[in-house]
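First the structure, then my questions, so here it is.
The numbers here are math on the coordinates, done by the rules we state, and not lab data. These numbers were taken from a predicted model, which means no experiment stands behind them. Counting neighbours? That spans all protein chains shown, and the Cβs are built from the backbone with ideal geometry, glycine included.
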Amino acid sequence: MIDRIAKYSEEIEKFHITNNDELESFRLQYLSKKGLFAVLFEEFKTLSPDIKKATGQHLNHLKEKAVLKYQELKDKLADSAKEFSGDLTLPSEPLKSGSRHPVSLIRREIVSIFSKIGFTVAEGPEIEDDWHVFSGLNFPQEHPARDMQDTFFIEKNPDILLRTHTSSVQVRVMENTAPPIRKIFPGRVFRNEAISARAHCIFHQIEGLYIDENVSFADLKQTLLFFAREMLGEKTQIRLRPSFFPFTEPSAEMDVSCTICGGAGCNVCKYTGFLEILGCGMVDPNVLEASSIDSKKYTGFAFGMGIERIAMLKYQVNDLRLYFENDVRFINQFNSSY
Ligand code: PHE
């Protein structure tokens, strides 16, 4: 049997194929249920124990060799199939390109609008400490304002948390940059909220910060009006309502004229003609001082908006959960130059 094994070994080595049929005939001849190895192993069973001992190893080697050879032949065939043999003048197959996620589209559009008026982008960490999210922004310890945003703490350590707003990046930038500062901070934020069509525990914000000498509320208003018109159309009206944030004084919330009815009143704006889109205000002098910026010399404004909120207004997709499920049937509907 050992002699025959040597002969088969040579035969397998020399086996050469040019197409799939020949590959299949190799498999049938050697490896299939009725192939050579099935026969040889049957025969092997009948050998006497000491011959078995001498033959077994050879037989196993031969089988391994055949299996390897089969794989090798198969790979070669696949490689040669790849070699081009076609008509170069044929039009190419259209490539299906993906599309950007609506949150990315809106983020890019917002960044590009603010870059026209000199704002550059900065980013900060998602896992933050209490100072950057609260204390450095004039939230006193135990102040109820901290409850405005339900916070995810990390491992019971109240100092380490997931940022609840991108205002934390304001603090990081003010610590490291001398005014004038004109920056926007896009990023993901986290709040401990039950997930529904209108609320999610993860969402995205873009924050803006402008600090220089003689910055006034009029500058804030004009900047936001410019943004609203670029983003939602030339006819967009804005409205500022007094509000409260610990880190801005005075503070306001900005509404824009309803993107659906243009201000006439509809069920999206609940017949008010306006939709709320962001929070803003003049940076509180305490916040400037906490980051060692001279509040006698410098003033500034800040604003923060939710990206999904703007996407909802622009695309009229009113279930927040859709933005996070990553269903391609949803995502493929968005196409834009951003
Ligand atoms: N950080 C505030 C929020 O998440 C928004 C805001 C930013 C308000 C900057 C004023 C100034 O609600």
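First measure r as the distance between the Cβ atoms of SER115 and SER80, then evaluate 1/(1 + (r/R0)^6) with R0 = 45 Å and state the FRET efficiency to the nearest 0.05.
Working: r = 52 Å, r/R0 = 1.15.
Here the calculated transfer efficiency is 0.30.
A follow-up question, please. Could you name the aspartates and glutamates whose alpha carbon sits less than 20 Å from that of LYS69, not counting residues in the same chain fewer than 8 places away?
Hits, sequence-local ones excluded: GLU10, GLU11, GLU13, ASP21, GLU22, GLU24, ASP79.
Among LEU275, CYS261, ILE238, which residue has its Cα positioned farthest towards the positive end of the charge dipole of region 201-328, with +1 placed on the Cβ of Lys and Arg, -1 on the Cβ of Asp and Glu, and the dipole taken about the Cα centre?
Positive-end residue among those listed: CYS261.
Please report the net charge: other residues with Cβ closer than 12 Å to the Cβ of ILE154, K and R +1, D and E -1.
Working: positive: LYS156, ARG163; negative: GLU126, GLU128, ASP129, ASP130, GLU155, ASP159.
That works out to -4.
Along the charge dipole of region 2-83, pointing to its positive end and built from +1/-1 on Cβ of Lys, Arg, Asp and Glu, which listed residue (ASN19, ASN60, PHE44) has its Cα farthest out?
Comparing the listed Cα positions along the dipole, PHE44 ranks first.
Same structure, new question: Near the amide H of ASP150, under 5 Å away, which other amide H atoms are found, from residues 5 or more places off or on another chain, if H is placed in the peptide plane?
Hits under the 5 Å cutoff: ASN192.
Distance cut-off 21 Å, Cα to Cα: go down the list LYS14/LYS45; LYS7/LYS63; LYS7/LYS52 and report the pairs above it. Present the calculation step by step, with values, prior to reporting the outcome.
Numbers: LYS14/LYS45 28 Å; LYS7/LYS63 13 Å; LYS7/LYS52 18 Å.
Over 21 Å Cα-Cα: LYS14/LYS45.
What value, in deg cm²/dmol to 500, does the helix sum -39500 (n - 2.57) over DSSP H runs of n ≥ 4 give at 222 nm once divided by the residues of the chain?
Only helices count here, giving -12000 deg cm²/dmol.
Now for a separate question. Name the shape class, rounded, prolate or oblate, that the alpha-carbon gyration tensor gives for region 1-141, where a ≥ b ≥ c are the square roots of its eigenvalues, rounded holds for a/c under 1.5, and otherwise prolate holds if a/b is larger than b/c and oblate otherwise.
Since a/c reaches 1.5 but b/c is at least a/b, the shape of region 1-141 is classed as oblate.
What is region 102-331 by shape, rounded, prolate or oblate, if you read a ≥ b ≥ c off the alpha carbon gyration tensor as root eigenvalues and call it rounded for a/c under 1.5, prolate for a/b larger than b/c, and oblate otherwise?
Working: a/c = 1.68, a/b = 1.20, b/c = 1.41.
Cα axes put region 102-331 in the oblate bin.
May I pose another question? With a/c under 1.5 counting as rounded, go ahead and sort region 239-338 into rounded, prolate or oblate using the C-alpha gyration tensor (a ≥ b ≥ c being the square roots of the eigenvalues; past the cut-off, prolate if a/b is larger than b/c, else oblate). Walk me through the numbers before you get to the answer.
Numbers: a/c = 3.21, a/b = 1.73, b/c = 1.86.
Note, shape of region 239-338 comes out oblate.
Given +1 on the Cβ of Lys and Arg, -1 on the Cβ of Asp and Glu, and no further charges, what dipole in debye does the chain carry about its Cα centre, rounded to the nearest 20?
Charge dipole of the chain: 820 debye, to the nearest 20.
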